[in-house]
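Novice: This structure is in structure tokens; I'll ask about it shortly.
Readers should treat all values here as calculations from the given coordinates under stated rules, not as data from a laboratory. Nothing here was measured: the structure is a model prediction, and the numbers come from that model. Here the Cβ positions follow ideal geometry from the backbone for every residue, glycine too, while neighbour counts run over all protein chains shown.
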Amino acid sequence: MTDKRAFLDGVDYPIKAGETILEFSRRVQDSFNIPTLCDDSRLEPYGSCRVCSVDVALAADGPRRVMASCHTPIGDGMHVYSQSERVVKLRKNIVELVLSDLPEQQLPPKQNEHTTEFEQVVLDTGVTEVRFAKGKFSVDSVPSDEQGSIVDDSHPYMRMDLTQCIDCNRCVRACDEIQGEQVLNVAGRGFDARIIKGQDVSFDESDCVSCGACAQTCPTGAITDVFRQNLRQESSTEQSSIDKVRTICSYCGVGCNLEVSVKDNKILSIEAPKDAAVNSGHTCLKGRYAWRFYNHPDRLTKPLVRLNGALTEVSWDFAFDYLAKKMNAIKSEHGGDALAGISSARCTNEENYLLQKMMRVVLGTNNIDCCARVCHSPTAYGMQQSFGTGAATNSIDDLKETNFILLIGANPTAAHPVTGAKIKQKVLKGTPLIVLDPVKTELARYANWHIQLRPGTNVAVLNMMAYYIITEQLIDQSFVDNRTEEYLAYRDAILSLNMDELANIAGVDKNLVKEAAIAYAKASHAMSFHGLGVTEHSQGSRAIMCIADLVMLTGNIGRAGVGMNPLRGQNNVQGAADMGCQPHQGAGYLDVTKEDNIEYYKSHYGIAPNELWPTDVGYKIPEMFNAALAGDLKALWIMGEDVVQTDPNQHHVVASLSNLDLLVVQEIFLSETAKMADVVLPGSSFLEKNGTFTNGERRVQKVNAAVPPKEGCKTDGQIVVDMMNALGYQQADYHADSMLEEISQVVPFFAGITWDNLGENGLQWPVAKDGTDTQILHTEQFTRGLGKFHFYEFEESKEVEEHGAQYPFILTTSRNLEHYNAGTMTRRTANEIIVSEDVLLINPLDAKAKAIKDNSKVRLYSARGEIELTAEISEKVKSGVLFTTFHFPELMINRVTGDVTDKHTKCPEYKVVSVGIEPACS
């Protein structure tokens, strides 16, 4: 078969099916060829500006027609002329007409590294004067701005100046096609047309989510942001150049690529590179705008040691010497198991690896854990039990291939915004969606089936779905027979269940569950996503296995567009667990109690066969607190976690930490936990370090330092290295490439990863030694061989059993879009202006019964404690259910949360808290 080819300016090139002329030209010619104004490669072709016009002929000597290249398909044998005399003249005329509507500008524009896209088109088309009459926004005719419709600087980040607008509508389309928010629109017609926000309100009054997609796509700066303005101002000076550094966002587990603009070791702006595999030129407001915390005045810049009862600034040498003496003394007197460590999902893989290495190799204990314990440890455990690997089976990019989405216990548009936007786009274009969630989230508004279950009843509803799939004979029998085990016992147990009883327990309509289950089972390509609304329960691990059961029942695994995909909460929670920061598995998930694995680790760490090595499973985080309170744990090293604010039952956590002989905290700010420490070591933010993060789809990506660590600080990896050396172990200085090399020798699924071959977009583990990565897991067989079905009956939470009668409301928690976890970073940015407090959602019926008014202060109390916060009356929650976030330490939401944990992993049950509520005393 002959390859299809087309000619561009007389040279023939192969063409690809589905390409437009513009896409074809960009692919085959690196140098300037066809200018554009209304085009953005991330958006659907629009064809309004005609600057991209070209001459097209169907034969070399055939008649030519002027056509817009952005939406005209390239065809076999087509001849395209991008620089013919008439299209060059046409472009020039169009650009002059556009310029006539704008305030007078320098012609030709001044060219530098931050010339706007429009200015570049002016330069490329050779326009040096405007011959047409002045239009609506020229210097003599700018309309009055009494209502703020022309210039808008009401927002902490976003800016609008419609005198610069050229009506390309890219901002409107980006808001629609990339974010799916549909805040921007066009009002008026012809010369009266202008961009509006919502019902023609200001940015701060609109529903804008501050993602910045409009600012990034705007070719003129009519919509921009404060950082872009600063960047443009800085670029106009000739004092020093602006560098661009590619790195990875340190907020949620999506793992967005960021491009950081730096001048004189100062960050000016952050953009989203369009070629990023994960986020394709998009971010949320946290990734794009919430970065000024890195040089905030609150940053710790010197080690602190508690001397005479007060935290006192000391030198690094003093701090390490002090710690070495204390830690060696504790180990000598009480043994290595009297010490423990908690690593950070905000730190790099290499830093997490080093901390677990210090605990195991230097201190001789498996007492190492990470924040996965309090979020996704049930995901890892449950998926390992069912499939053999506790990680996402597919890539987020597989959304392009799916035709059905099941979303359980997650609010991705708030907690994982870029993935949330992708899911929203699919749903807006007609992909069916099931949402299982106690809260009417944004995506629940668009769902075909929102099953608004009572918090804590996931197992009941998932078992109902399995029942209807089996009874309707919709299982993938071939898949079940050939790739799974224990199905018959599972089927019999499911069929013994009473659907009316389970529907009553969960507070759902059984017919709605049935309809949703049938739709899911009939879909040819169904993807499931789940979040902390599944895991942070007493039956969290069991709910994970129930989801795996549904996936296997329907054969929705091992192919593109299907699978079971956890939405990871923190940027490197996957990586922290991969690196061995858990008490039962070392780096690479090898069981620390098995002799073969012990010898494996010893050989890699240079430990002689006769030397001691920890052989018992260490403490999980809740067990660390219990052991500290009991006096068995004497020292705790915490790297970048604020457990006082984020772990449940704050009174218990504080009492436990207070009973330690030594509490060490690595932090960038004096957090609530750091305030209790005996030693505080100033670490560095992601913008100041090199390393790798592993996102929620197993993608290992490079983190590159944009600026050096703040004066007086060290990278967290170097802090651990210095401590290892102070304890007598010879560890080389922290360098990301050499640490990654060591990791690749220890962690089997990192075998083919090197610093150099990660490139710009990383690799998805497992990576073979030849560098081949893996986008889809379990294609031919499961890691454990056969997938295993598990049946668990619904069990009521002990929290409800023990406290439900006295505290009849159920409180459930989550994040909002603007803030992240304890707010350590986001509260030190302008995000705090957008959202300044945690509020409590309460159903109108409950508010009326309790005489609670909207925006009034209420007293929220449980068996552990009480807090006061603002009520928001909302139908997003059902009667009997309350909802809040936990971003502000002034409130300390975890004063009311309890001690109930997942039966298998000790993950706290944040999502079911028995509480009472009443108006606060005035």
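Novice: If you take every residue apart from Tyr792 with its C-beta less than 15 Å away from the C-beta of Tyr792, what net charge results, scoring Lys and Arg +1 and Asp and Glu -1?
Specialist: Around Tyr792, the surrounding residues sum to -3.
Novice: Cross-link partners among lysines for Lys906, C-alpha distance below 16 Å, same-chain residues fewer than 8 apart left out?
Specialist: Of all the lysines, those that pass the test against Lys906 - Cα under 16 Å, at least 8 places apart if same chain - are Lys620, Lys798.
Novice: Give me the extension gain from Gln775 to His604: residue separation times 0.36 nm, minus the current Cα-Cα distance, reported in nm with one decimal. Could the numbers behind the result be given before it?
Specialist: Numbers: separation 171, 0.36 × 171 = 61.56 nm, distance 2.84 nm.
Extra length from Gln775 to His604 when fully extended: 58.7 nm.
Novice: What fraction of the DSSP beta bridges in the chain is antiparallel, stated in percent and rounded to the nearest 5?
Specialist: Details: 62 of 104 bridges.
If we restrict to bridges inside the chain, about 60 percent are antiparallel.
Novice: Report the Stokes-Einstein translational diffusion coefficient (µm² s⁻¹, integer) for the chain, Rh taken as the Kirkwood radius over Cα pairs, at 37 °C with viscosity 0.692 mPa s. Don't skip to the end; give the middle numbers.
Specialist: Values: Rh = 29.6 Å.
Reported coefficient: 111 µm²/s.
Novice: Taking amide H positions as placed in the peptide plane 1.01 Å from N, state which residues far from Ile196 in sequence (5 or more) or on other chains have amide H under 5 Å from it.
Specialist: Asn185, Val186, Ala187
Novice: Once R0 is set to 56 Å, what does the formula 1/(1 + (r/R0)^6) return for the Cβ-Cβ distance between Leu307 and Leu428, expressed as a FRET efficiency to the nearest 0.05? The partial results should precede the final answer.
Specialist: Details: r = 60 Å, r/R0 = 1.06.
Using R0 = 56 Å, I get an efficiency of 0.40.
Novice: For Asp12 and Asn757, FRET efficiency with R0 = 41 Å and r from the beta-carbon atoms, rounded to 0.05?
Specialist: 0.75
Novice: On to the next question. Could you go through segment 849-856 in sequence order and give the Karplus-derived ³J(HN,Hα) for each residue, using 6.51 cos²θ - 1.76 cosθ + 1.60 with θ = phi - 60°, rounded to whole Hz, and x for Gly and Pro?
Specialist: Coupling constants for segment 849-856: 5, 9, 6, 9, 9, 4, 6, 8 Hz.
Novice: If you project the alpha carbons of segment 151-295 onto their three principal axes, what span does each projection cover, largest first, in Å?
Specialist: For segment 151-295, the Cα spread along each principal axis is 46, 38, 26 Å.
Novice: Rule-of-thumb check for segment 377-566: C-alpha Rg over 2.2 N^0.38 Å? Walk me through the numbers before you get to the answer.
Specialist: Working: Rg = 15.0 Å, N = 190, 2.2 N^0.38 = 16.2 Å.
After normalising by residue count via 2.2 N^0.38 Å, the value is 0.93.
Novice: Something else: From Cα pairs below 8 angstrom and at least 6 apart in sequence, can you work out the relative contact order of the chain, rounded to a whole percent?
Specialist: Values: 2083 pairs, mean separation 119.7, N = 922.
Normalised by residue count, the contact order of the chain is 13 percent.
Novice: If you don't mind, there's one more thing I want to ask. Cross-link list Lys857/Lys878; Lys16/Lys424; Lys514/Lys878; Lys197/Lys286: which exceed 24 angstrom alpha carbon to alpha carbon? Could the numbers behind the result be given before it?
Specialist: Working: Lys857/Lys878 20 Å; Lys16/Lys424 29 Å; Lys514/Lys878 21 Å; Lys197/Lys286 21 Å.
In this structure, Lys16/Lys424 exceed 24 Å between Cα atoms.
Novice: Multiplying the sequence separation of Ser496 and Arg292 by 0.36 nm and subtracting their Cα-Cα distance, what value in nm do you get?
Specialist: On the way: separation 204, 0.36 × 204 = 73.44 nm, distance 5.69 nm.
Stretched out fully, the Ser496 to Arg292 stretch lengthens by 67.8 nm.
Novice: What lysines does Lys326 reach when the alpha-carbon gap must be under 16 Å and sequence neighbours fewer than 8 apart in one chain are set aside?
Specialist: Lys634
Novice: Just from its helices, what would the mean residue ellipticity at 222 nm be for the chain, if runs of 4 or more DSSP H residues each count -39500 (n - 2.57) and the sum is divided by every residue, rounded to the nearest 500 deg cm²/dmol? Write out the running numbers ahead of the final one.
Specialist: On the way: 30 runs with 265 residues, N = 922.
Helix contribution divided over all residues of the chain: -8000 deg cm²/dmol.
Novice: Taking every alpha carbon pair in segment 798-919, what does the distance histogram look like in 5 angstrom bins from 0, in percent?
Specialist: 2, 11, 21, 23, 19, 14, 7, 2, 0
Novice: Another question about this same structure. Just to be sure I understand the model, the point goes 7 Å from the Cα along the line to the Cβ. What's the resulting Asp192 to Asn855 distance in nm?
Specialist: About 3.5 nm, to one decimal.
Novice: Separate question: If r is the Cβ-Cβ distance from Asn482 to Ile518 and R0 is 25 Å, what FRET efficiency results, to the nearest 0.05? Please report the intermediate quantities before stating the final value.
Specialist: Working: r = 24 Å, r/R0 = 0.95.
Once the sixth-power term is evaluated, E becomes 0.60.
Novice: Now for a different question. What does the convex hull of the Cα atoms of segment 1-83 come to per residue, in Å³, rounded to a whole number?
Specialist: Numbers: hull volume 7.5 nm³, N = 83.
For segment 1-83, the hull spanned by Cα atoms encloses 90 Å³ per residue.
Novice: Just to be sure I understand the model, the point goes 7 Å from the Cα along the line to the Cβ. What's the resulting Ser315 to Lys675 distance in nm?
Specialist: Rounded to a tenth, the inter-label distance reads 3.1 nm.
Novice: For segment 574-581, take each phi angle, set θ = phi - 60°, evaluate the Karplus expression 6.51 cos²θ - 1.76 cosθ + 1.60, and give the result in whole Hz per residue in order, putting x for glycine and proline.
Specialist: Along segment 574-581, the couplings run 5, x, 4, 5, 4, 7, x, 7 Hz.
Novice: Output the pairs from Lys429/Lys522; Lys331/Lys357; Lys602/Lys788; Lys510/Lys848 with a Cα-Cα distance over 21 Å in this structure; if there are none, say none. Working shown, then result.
Specialist: Values: Lys429/Lys522 19 Å; Lys331/Lys357 16 Å; Lys602/Lys788 33 Å; Lys510/Lys848 29 Å.
Distance filter (> 21 Å) returns Lys602/Lys788; Lys510/Lys848.
Novice: Something else about it: Assuming 1.002 mPa s and 20 °C, estimate D for segment 248-333 with Stokes-Einstein, Rh taken as the Kirkwood radius over Cα pairs, in µm²/s. Could you put the intermediate results ahead of the total?
Specialist: Working: Rh = 16.5 Å.
Estimated via Stokes-Einstein, D reaches 130 µm²/s.
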